[in-house]
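See structure below.
Only the coordinates and a few stated rules stand behind these numbers; no lab work does. What you see is a predicted model; the values in this text were computed from it and never measured. Cβ: placed from backbone, ideal geometry, glycine included. Neighbour counts: every protein chain shown.
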Amino acid sequence: MAIQISAPPTKYIIISSYSSKQLHHERISFHEPVKKFIISSTAERIKLKTKNKTVPLMDDHNKRKNNSLLSTMFKSIDDFICDFMDLPLRPHNDPKNILSGNLAPVDELPPTACEVVEGSLPSCLDGAYLLNGPNPQFKPRGPYHHFEGDGMIHMIKINGGKATFCSRYVKTYKYMLERDMGYPIIPSPFTSFNGVMASIARVALGVARVVAGEFDPVTNGYGTANTSVAVIGGKLYALGEGDLPYEIKVTSDGDITTLGRRDFHSAATEEFLSMTAHPKIDPETGEAFAFSYHISPPRLRFFRIDSHGKKQPDVPIFSMETTSLIHDFFVTKNYAIFNDVQICMNPSEILMGKPPVTIDLTKTSRFGVIKKYAKDESEMWWVDVPGFNISHAVNAWEEDDGDTLVVVAANLLLVEQSLEKFDLAEMKMEEIRISVKNKEVLLRRQLSTRVLNLPPIHPDLCRKKKKVCIRHSVASRMYGPGCTGNEPFFVPREPNDPDADEDDGFVVVYVHDENTQESKFLVMDAKSPILEIVAAVKLPGRVPTAFHGLFVSESRLSKLS
Ligand SMILES: [Fe+2]
């Protein structure tokens with residue numbers, strides 16, 4: 001079993017636990033002022049009838065278009081590596097296992113009208129809910145990891161109680177290039193290095209392809225943009241931490257288009273090739289705080305993107321001694337906090353025939369604390385938190401007039417299993433209190449005995465917690481046998497009312513029923529102890545298990561440039 005935490009309203013963290021059979025939600029209460037949303041009543045009615053379905057993954061022979069002699073030769077070498085040099089597939093990297101059930105990919109689906117099969121859609125849900133996740137366009141020929149699939153966004157757009165749904169790939173450079181080639185050519189750091197000979201051969205083949213001009217990862221990146229969706233500087237982006245964000249647009253007919261890879265006007269003299277998929281957006285200033293990690297010093301770079309979408313200079317962090325796979329981080333009113341984890345990137349492993357992503361159990365996990373507006377790392381300090389490895393931050397805030405930092409996140413209990421058995425990895429919520437004055441951990445405690453996973457927080461709550469009052473199992477819902485739920489998200493009923501109850505709103509989520517092969521969009525009453533269903537929308541296509549989502553109100557959508 002794995003458990004999700006997601007998308008809380010002002011006081012709440014919504015936790016959903018899921019297994020292959022059932023899922024339920026649970027709320028944890030936080031004390032926090034209400035944030036603001038703007039609601040529009042703009043309505044659109046779209047009645048496209050196209051259906052999508054689960055399709056067999058494209059065989060490379062069916063889509064191959066590039067028949068140049070050089071490409072044919074490269075393809076033959078790649079085939080040889082897959083057929084004769086790769087080590088035998090194991091359960092954790094066998095695409096037959098990984099891409100089964102609701103992890104199997106779906107085809108694109110144009111905007112299609114949906115049927116509300118239960119209740120009615122509240123007016124405050126006018127807008128779009130976008131969920132991003134991996135959905136490989138080709139059947140993997142060799143080993144595969146769930147993290148490496150091409151990004152696809154599943155969006156339900158709601159206006160005036162009517163809904164349309166679409167699924168669209170993020171048209172990344174990788175996606176477009178491989179679509180034109182007819183087969184995947186860009187290696188994955190998770191699975192491309194499968195045995196000594198196969199690793200060396202793939203490195204050589206990759207270099208040859210770059211030299212021959214078959215692809216240009218330096219100029220164009222190679223990421224999948226498959227992880228999250230965020231509004232940065234007034235624009236909408238699909239993000240994945242291996243590359244720069246891709247700007248996307250929600251069209252008036254309920255479709256999604258990809259506008260392109262964006263560098264946020266970074267300085268030409270600055271190397272800016274990737275950023276986290278979990279930037280922290282300050283709802284008051286509109287700034288986005290973010291970072292990137294690298295295999296050579298400075299291994300960590302902290303930066304912000306201003307409210308106009310312009311990237312500010314990096315703060316290079318040279319005191320990051322190893323390359324940690326830092327997927328997420330914390331911000332408070334005055335600080336950014338990084339978890340230097342035991343999950344590391346070590347490219348030398350490739351020469352040993354192993355993936356460069358490794359687990360270093362000899363390393364002591366720690367927090368790095370730096371002022372949010374620091375110009376350099378001179379005032380950055382580190383504090384050890386042994387065995388603390390997060391994949392996602394829940395939240396952090398300051399108490400005692402800024403003398404105490406409070407961090408809440410789910411800790412990977414068996415970090416050594418986190419790469420091969422990510423769906424089974426046990427995570428449990430912890431609270432860690434840190435003294436700024438003494439630069440030491442004051443308190444560390446487990447907040448729940450439940451296994452917790454994927455705990456993103458509503459972006460508007462970032463840094464705003466002042467104190468926490470956690471009540472376990474405030475509310476929960478079991479979706480039923482055979483049902484799996486994606487990341488839930490909270491949408492306030494009255495986003496402009498500062499006096500509204502913190503839980504006055506709705507929890508929305510995509511749920512798939514393996515028994516009926518139907519996916520639904522559920523709207524649940526966040527105040528209800530059983531998360532009572534307010535509306536259920538039958539979706540015209542399946543929503544596979546994905547990563548992170550975002551609800552954007554119609555009013556906000558209309559203001560995106
Ligand atoms: Fe994430």
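Among the aspartates and glutamates, which fall within straight-line cross-link reach of residue 520, defined as a Cα-Cα distance under 14 Å, with same-chain neighbours fewer than 8 residues apart omitted?
Cross-link targets: 115, 118, 487.
Among 527, 371, 437, rank each residue by its count of other Cβ atoms within 10 Å, from fewest to most, as a rough exposure measure.
Listing 527, 371, 437 from fewest to most nearby Cβ atoms yields 437, 371, 527.
Efficiency by 1/(1 + (r/R0)^6): what FRET value for residue 334 and residue 69, r their Cβ-Cβ distance, R0 = 41 Å, to the nearest 0.05?
Result of the calculation: an efficiency of 0.10.
If each residue's Cβ is checked for other Cβ atoms within 10 Å, how do 524, 73 rank with the fewest at the top?
So the ranking, lowest neighbour count to highest, is 73, 524.
Determine, for 172, 258, the number of other Cβ atoms within 10 Å of each Cβ, and report the residues in order from fewest to most.
258, 172
In units of 2.2 N^0.38 Å, what is the alpha-carbon radius of gyration of the range 302-400?
Numbers: Rg = 15.0 Å, N = 99, 2.2 N^0.38 = 12.6 Å.
So the Cα radius of gyration is 1.19 times the expected 2.2 N^0.38 Å.
So how far, in whole Å, is the C-alpha centre of the range 398-412 from the one of the range 90-169?
Measuring centre to centre over Cα atoms gives 34 Å.
So, in nm, how far is label residue 442 from label residue 352 when the simple model puts each one 7 Å beyond its Cα toward the Cβ?
Placing both labels 7 Å along Cα→Cβ, they lie 4.1 nm apart.
Which of the aspartates and glutamates could be linked to residue 75 by a straight reach, that is with a Cα gap under 13 Å, when you skip same-chain ones fewer than 8 residues away?
Within reach: 60, 83, 178, 214.
Treat each spin label as a single point 7 Å out from the Cα along the C-beta direction, and report the residue 218 to residue 308 distance in nm.
3.1 nm
For the modelled label position 7 Å from the Cα of residue 265 along Cα-to-Cβ, which residues of the range 297-332 have backbone nitrogen atoms closer than 20 Å?
It comes to 303-315, nothing else.
Would you mind computing Rg(Cα) / (2.2 N^0.38 Å) for the range 271-335, counting N as its residues?
The value comes to 1.10.
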